[in-house]
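The values are calculated or read from the model by the stated rules, or taken from the named source; none is laboratory data. For clarity, every value in this text was computed on a predicted model and none was experimentally measured. Glycine also receives a Cβ, built like all others from the backbone with ideal geometry; neighbour counts cover every protein chain displayed. These accessible areas exclude ligands, DNA and RNA; they are computed on the full protein's heavy atoms, side chains included. Shrake-Rupley method; radii C 1.70, N 1.55, O 1.52, S 1.80 Å.
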Amino acid sequence: MLTLEAVGKTFGSHVVLDGIDLRLAPGEVVAIIGPSGSGKSTLLRCINQLEPPTSGRVTLGGTVIEAGHTPGRRELMNLRRAVGMVFQSFNLFPHLTVLRNVSIAQERVMKRSRAEADKISMQLLARVGLADKAQQYPSRCSGGQQQRIAIARALALEPQIMLFDEPTSALDPELGLEVLAVMRELAENGMTMIVVTHEMHFAEEVSDRVIIMADGKIVEQGVSRDVMRNPQTERARRFLHAVK
Ligand code: ADP
Ligand code: MG
């Protein structure tokens, strides 16, 4: 479904991603962990070309984007539509109701009518446990609720893959748990996901595979439980020892 081949990213002379190879099968859930500054966010941003890679190739569905070749508008649009992103900050529109926050991009991007978009939004809000908040404004919602709204908004565009960049880092632990529960439900229902996270329990229990990054490289990857409990590399051991 998603393939990264030798993806590299430099900012000036600073090598931030160094030859990343990654292959995701449909329905696979991959957790990426690693120290701050190791390139995790940049990797996600390179997948949907928010940050164009300096080298390598990204293939998603039928779309291939090669570094150095400016992608056509159509390729870029296909790729972006196929990728749903959820960030640490929820970035909801404060002047729109919860329902309209989930609906508005559907009208623009998917050309759905307002009625149709609102109907789909209601179903998605129910799925993330927030049907009763539809007519509220985001400011009346907790951080955990706002993040679940952001997830519903991303799902509304029917992405092939969901990328999460530390979705619970800004939340109190208890509110983080309700977001993780929604993510677990998505994973169990077959969504293909890459999750950058500090939640070691989520990485071990929910994801199929864990990738540990350091200094712009994948230093270790494998079946979640094996990597988390019995890392093979010194760098991975050092990181896990520090965070566990
Ligand atoms: P992580 O998400 O693992 O903490 P990031 O991908 O955010 O790491 O950053 C990796 C490195 O790339 C850091 O050293 C960061 O300073 C650098 N970096 C990220 N974005 C930019 C940018 N737009 N310009 C320059 N350096 C950047
Ligand atoms: Mg980051």
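Dipole size of the range 29-167 about its Cα centre, with +1 on Lys/Arg Cβ and -1 on Asp/Glu Cβ: approximately 340 debye, rounded to the nearest 20. Taken one residue at a time, the phi angles of the range 52-62 give Karplus couplings (6.51, -1.76, 1.60, θ = phi - 60°) of x, x, 7, 8, x, 9, 10, 10, 9, x, x Hz. Gly and Pro are set to x. Taken about its Cα centre, the chain carries a charge dipole of roughly 660 debye when the Cβ of each Lys and Arg holds +1 and the Cβ of each Asp and Glu holds -1. Here's the list of lysines a cross-link from residue 9 could span, going by alpha-carbon distance under 17 Å and ignoring same-chain residues fewer than 8 apart: 40, 217.
Rounded, prolate or oblate: which fits the range 140-203 when a ≥ b ≥ c are the square roots of the eigenvalues of the alpha-carbon gyration tensor, with rounded for a/c under 1.5 and prolate only if a/b beats b/c? Oblate.
Less than 5 angstrom separates the built amide H of residue 27 from those of 192, all sequence-distant by 5 or more or on a different chain. Charge dipole of the range 97-166 (Cα centre as origin; +1 on each Lys and Arg Cβ, -1 on each Asp and Glu Cβ, all else neutral): 240 debye, rounded to the nearest 20. Solvent exposure of the chain amounts to 48 Å² per residue of accessible area, where only protein heavy atoms count and the probe is 1.4 Å.
Straight Cα distances below 27 angstrom link residue 111 to the lysines 119, 133, with same-chain residues fewer than 8 positions distant left out. Within the accessible area of the chain, the carbon and sulfur atoms contribute 50%, probe 1.4 Å, all protein chains present. Among 197, 168, 233, the residue with the largest mean-square fluctuation in a Gaussian network model of the chain, with springs joining Cα atoms closer than 10 Å, is 233. For the chain, a/c is not less than 1.5, where a ≥ b ≥ c are the root eigenvalues of the C-alpha gyration tensor, and a/b does not top b/c. That puts it in the oblate class.
Think of the range 1-69 as a dipole: +1 on every Lys or Arg Cβ, -1 on every Asp or Glu Cβ, centred on the Cα centre; then among 64, 52, 24, 52 lies furthest on the positive end.
Count Lys and Arg as plus one, Asp and Glu as minus one, and take only other residues whose Cβ is under 10 Å from that of residue 165; the net charge is then +1. Each peptide in 146-158, 46-58 receives the mean, over its residues, of other Cβ atoms within 10 Å, and ordering these scores from highest gives 146-158, 46-58.
Around the amide H of residue 112, modelled in the peptide plane, lie the amide H atoms of 107, all under 5 Å away and 5 or more residues distant in sequence or on another chain.
Once you have a ≥ b ≥ c as the square roots of the Cα gyration tensor eigenvalues for the range 156-244, tell me rounded if a/c is under 1.5, and otherwise prolate or oblate according to whether a/b is larger than b/c. It comes out prolate by the Cα gyration axes.
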